[in-house]
Amino acid sequence: MEFAGEHLRPGNLGHFFVITSFVAALFSAFSYFRSAQTERGDLKASNSWLLMGRNGFIIHAAAVFGIFITLYYIISNHLFEYHYAWEHSSRALQPKYLLSCFWEGQQGSFLLWTVWHCVLGLVVMRTSRVLESRTMAIISLVQVALCSMLLGFYFGPDIKMGSTPFALLRQQMQGAPIFSSPDYMSFIKDGNGLNPLLQNYWMVIHPPELFLGFATTLIPFAYVIAGLWKGDYKEWVKPTINWALFSGAVLGTGIMMGGAWAYESLTFGGYWAWDPVENASLVPWLTLIAGLHTLVVYKSTGRSLGATLMLLILTYLFVWYSTFLTRTGILGDTSVHAFTGEGSSLRWHLIIVLAVLAVISIGLLIYRRKELPVIKTEEATSSREFWMFIGSIILLLSSLQIIFLTSLPVWSPLVEKISGKKIAPPVDPVRTYNNIQVWVALFLALASAAVLYLKFKKTDTRQVWKRLGLTGFIGLALAAFICWQMEIDAWQYILLMCSACFAVVANIYYGIAIQKASLRKMGASIAHLGFAMMIVGIILSSYKKEVISFNTLGVNLGFNNKKNAAENARENHENAILFRNTPVVMGEYLAIYRGDSTSDKDPRTFYRVDYMRRDSATHEVKETFTLYPDAFINPKGQEGLIANPSSKHYITRDIFTYVTSVIDPKKRTDTVNYKSQTVKKGDTIYFNTGYMVFDGFDTNVNDPRYQPKEGDVAVKAKLDVYDIKGKIAQLTPIYYIRDKYEGYVEDTAKELNLFTRFAHILPQQNAAEIMVKQADPRSEYIVLKAMVFPFINVLWLGTLVMVAGFLLSLWNRIRQKKLPAILDAGAPES
C-alpha cells in the first residue's frame, strides 16, 4: 500500500547516516588497532593504518552529526509519521524545547552521548600523539557500541539490536486500524508531546551537561588502556590528569545541575533524594575523583599506580553499569525517573557492552600486573601521598556502598533463588545512606583540609601541627557559633559541621598565607574549599529544613502510601488546605490562595498564592510576594498529579512551595446565587473574605464595557472593596434603562472571585439595590506543602567554587606546557 502525505526522504537519509556511522566507527577501530599492532614491526604500515583510522573516525563523526541534524529536522518540522517525533514532540512546544525532545527518549539520549564522544574523539585525535592509535581504538570501539544502540536491526523475530529513531509510526504501531487507510496522515494532527514536567529550562541544559560529563570519563579510561596496552606507564599520565580534571568539573556540574533542577521542578522536597538515577551519576564521579588523587600521587612519588588504574577503569565501567540500571527499566519500581518499558529491549545489549569493556580493561590490567612499577618501601604516615591514598579508598568505599544499595532490586531476586532469603531495599533510603555517608563526608572534609599542609615523601610535622592547630581552633569556634545559632543538636552533624568549618578555614588560610593568593597554585585549595562549603550548605539546608505548612483542620487529606503508614501520617500533618481567599498561617507568613489560571497551549494549571508578613506588634505589612506553583495530570499514560514547585529566594533562605492536591477543574460547579441588599451611601456590604462600601452614584458612564444607544439612561454604583490588607479595588457595576427595559453590566474582582450587579435604583430612598455573589471559599481549594531551606545558597556557591578549582587546576597544567620553567616552581597540587 502506498501512503499519502508521508515524508520518507529524511528517514531514509537518517538510516543511511546511522549505518554509515556504525560501519565507519568499526572501520576506524580496526584501523587504529592494526596501527598499534604494527607500530614496532612496520612503522610505514602503522602510519597507513593510522591515517585510515583518522579518516574513518572523521567520516563516523560527520555521519553522527548527520543523524543529529536529520532527527532535529524531523522534530522541528513536525513530521509525525515518524514515531520518535510523534512520541516526544507536538506543535505547541516552544522552540527551545524542541531539543529537549531529543533526550526525553532512549534513542535521543544515546545519540547525545555519541555526539559528545565524537567531539572529544576529534580533540584526542589531535592531542594524544604517540598514544593516538591506542586511545582512538578504544574510543572508536565504544562508538561502535553506542551506534549499535541506534541500528534497530532484527535477527530473527525475537532478537533486536538497538532501536532506530527513524522508525515510522505505522511500523511501531502495526495493527492499529488507522493505518489501514492510505491517507492516515490526514488524521494525525499533532504529536503526543513532551512531558510537561520536562518543559523546563533545566531540561534544555542539564542533560547535555551531564552526558558531556559521562562522555569525558571515556578519555581517562582510553588513556589507561593505551598505557597498559603499550606497557608505557609515563606518557599517559599528564594528559590523563588534565582530562580527569575536566571530567570532574563537567560531571560535577552536571550532577549539581540535576540537584538544582530537582529543587526547582520536582517535589521530593529538596535537591537530593538518593534516587537511583541520582546515585548512578554520583558513583562514577566519586571514583573519578579518587582516581584523580591517586594519579597525582603516582605522578609525584611513583606510588599508587595499580590503585589509579583500577579506579579510572571502574569509573567508566560504572558509567555503563549505571546506564544499565537506569535505561533498562530494571529499577522502574524504585526510581521515579528511570526509563521503563522502552529500555527493556536493551538489557542484554548493555550487559554485553559492559562485559566486553570489563574483559578488555580488567583483563589487560591483570595481564600487566607483574610489570607495573612498584615502590616497595612504605610511605610515611605523615606524607601527603599516604592521606591522599586513604582518602581515595574512602571515596571508593563510599561509591561501593551507594551502588550496592542502589543495585539491590537487581541482585536480590538472584540471592533469593540461591539462598532462599529475601533482601529488600531499605524502607527509608535517605536515612540509610545518610547514616553511612555522613562519616565519609566528615573524614573527607578533614582530609581535604589537612592534606595540603603535608608534603610528598617527607613533612615537617611540627610546622603542620602548628598551622592546623590555629585553623582548627578558628574552625571549631565558627562551627560552634553556627550550631548554636541554627540549633543543630545531633552530635554526628555537629562533628560534621566542625570538620567542614575546619576545612573552610584551613583551605582559605592555605591559599592566602602559604600560597600567597597565587592563582597559579590555588586550584586544589579552591576545589577543597568549595567541597567544604557544599557540606556546610547541605547541613544547614537539609538538617534545618523547616516545614511551615500544617494541617490544622484535622481532616484526612487522602495520602495513601500503602507501604508506609508513618509516611502517610507525616504528609497528612505537613500539608495545609488553602481555601480560596482565606488566609492561612505559615510560619511568619499569611498565605492566601487567590485562584488559578490555564492556557489552551499548556496542560499545566498555575495556582496563585500570595504571601504576606506583618509586624507582630504593629500589624504593619512588612513584606508581600506571590508564588505560582503549578500542577497537571500526567497526559502520558502515568497516573497521578505532577507538580512543579515555586520558590521565593533570599540570600539566607528559600521559601519552597508545591501543590500536592487540587480539585479537578472539570468537576467544579457554580452553585452560589446572588444575594440582594439595599444600601445608601456609606453603607457596608459584607462578603466571605471582606467587605465593600457603597460610595454613591456616578452618572458619568464612560466605560468600554457599556455601549450606549440613543435614549439610554445609565448610572454607575461606586463600590470600594476591602480585605485584610485594606482597600484593594473599586467596582463600578452599571445600571441602565433602554426602551423602558432595565439592564445591567456586572463588575468583578477576579482576585476575590467576587461578582457584583447594580440591579435597581430606589429614588425615593436615595438608595440602590446591589446584588453580590462570591463562591464559597470551601468549594475551591488546594493542598499545599511549604518549607524553608536556610542558607541553601551556600551549597550552590560551594558547587561553583569547587568547579572553579577544577578548572583553575586544569588551566594551570595546560599553561605549564607552554612555560616549562613554571613546572619546577611550586608544590604539586592534590
Report task. Quick one: P(r) of region 653-811 from all Cα-Cα pairs, 5 Å bins, percents rounded to integers, in order of increasing distance. Result -> 2, 7, 13, 14, 12, 10, 8, 6, 5, 5, 4, 4, 3, 3, 2, 1, 1, 0
**Report entry** In nm, spacing of pseudo-spin labels at residue 626 and residue 155 (7 Å Cα→C-beta vector)
**Finding:** 6.1
Query raised in the report: Once you put a point 7 Å from the Cα of residue 495 and another 7 Å from the Cα of residue 69, both along the Cβ direction, what distance in nm separates them?
Result: 6.0
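For region 79-151, what mean projected area does the convex hull of the alpha carbons give, in nm²?
5.9
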Query raised in the report: Over all distinct Cα pairs, what is the inverse of the mean 1/r for region 385-533, reported as the Kirkwood hydrodynamic radius in Å?
Result: 17.5
Query raised in the report: How many Å² of accessible area per residue for the chain, probe 1.4 Å?
Result: 47
**Report entry** Tilt relative to the chain, helix 523-538 - C-alpha long axis, 0 to 90 degrees, to 10
**Finding:** 40
Report summary line: Once normalised by the length of the chain, the mean sequence separation of its alpha carbon contacts under 8 Å that are 6 or more apart gives a contact order in percent of 10
Query raised in the report: Where does the chain land at 222 nm, in deg cm²/dmol rounded to the nearest 500, when only DSSP H runs of n ≥ 4 count, each adding -39500 (n - 2.57), divided by all residues?
Result: -16500 deg cm²/dmol
Requested in this report: May I ask you to compute the full-extension gain from residue 476 to residue 512, defined as 0.36 nm times their residue separation minus their alpha-carbon distance, rounded to one decimal in nm?
Outcome: 11.0 nm
Report summary line: Amide H neighbours of residue 232 at under 5 Å, excluding residues fewer than 5 places away on the same chain, with H built from the backbone geometry, are none
Report task. Could you state the orientation-averaged shadow area of the convex hull built on the Cα atoms of region 1-100, in nm² to one decimal? Result -> 8.6
Report summary line: So for R0 = 22 Å, FRET eff. of residue 174-residue 12 from the Cβ-Cβ r, to 0.05, ends up at 0.65
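Return the ratio Rg/(2.2 N^0.38 Å) for region 30-169, where Rg is computed over Cα atoms only.
Normalised Cα radius of gyration, region 30-169: 1.26.
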Report summary line: The convex hull of the Cα atoms of region 116-242, divided by residue count, gives a volume in Å³ per residue of 175
Requested in this report: Just need log10 I(q)/I(0) for the chain at q = 0.04, 0.06, 0.09, 0.11 Å⁻¹, Debye formula, equal scatterers on the alpha-carbon atoms, no solvent, rounded to two decimals.
Outcome: -0.24, -0.52, -1.01, -1.31
Requested in this report: Calculate the length of the line joining the C-alpha centroid of region 415-484 to that of region 58-113, in whole Å.
Outcome: 44
**Report entry** Helix 201-216 axis, angle to the chain major axis (alpha carbon atoms, nearest 10°)
**Finding:** 10
Query raised in the report: Of all accessible surface on the chain at a 1.4 Å probe, what whole percent is carbon and sulfur?
Result: 59
Query raised in the report: For region 685-740, which semi-axes, largest first and in whole Å, follow from the square roots of 5 times the eigenvalues of its Cα gyration tensor?
Result: 28, 10, 9
Query - In order through region 794-808: 3J(HN,Hα) via Karplus (6.51 cos²θ - 1.76 cosθ + 1.60), integer Hz, x for Gly, Pro - result: 5, 5, 5, 5, x, 4, 4, 5, 4, 4, 4, x, 4, 5, 5
Report summary line: Row for region 339-437, column shape: gyration tensor on C-alpha, a ≥ b ≥ c, rounded if a/c < 1.5 i.e. under 1.5, prolate if a/b over b/c, else oblate; value oblate
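May I ask you to derive the FRET efficiency for residue 764 and residue 691 from their Cβ-Cβ distance with R0 = 22 Å, giving the value to the nearest 0.05?
E between residue 764 and residue 691, to the nearest 0.05, is 0.25.
The values are calculated or read from the model by the stated rules, or taken from the named source; none is laboratory data. Here the structure is a predicted model, which is why all the values come from computation and not from measurement. Cβ: placed from backbone, ideal geometry, glycine included. Neighbour counts: every protein chain shown. These area figures cover heavy atoms from the full protein model, side chains too; ligands, DNA and RNA do not enter into them. Shrake-Rupley method; radii C 1.70, N 1.55, O 1.52, S 1.80 Å.
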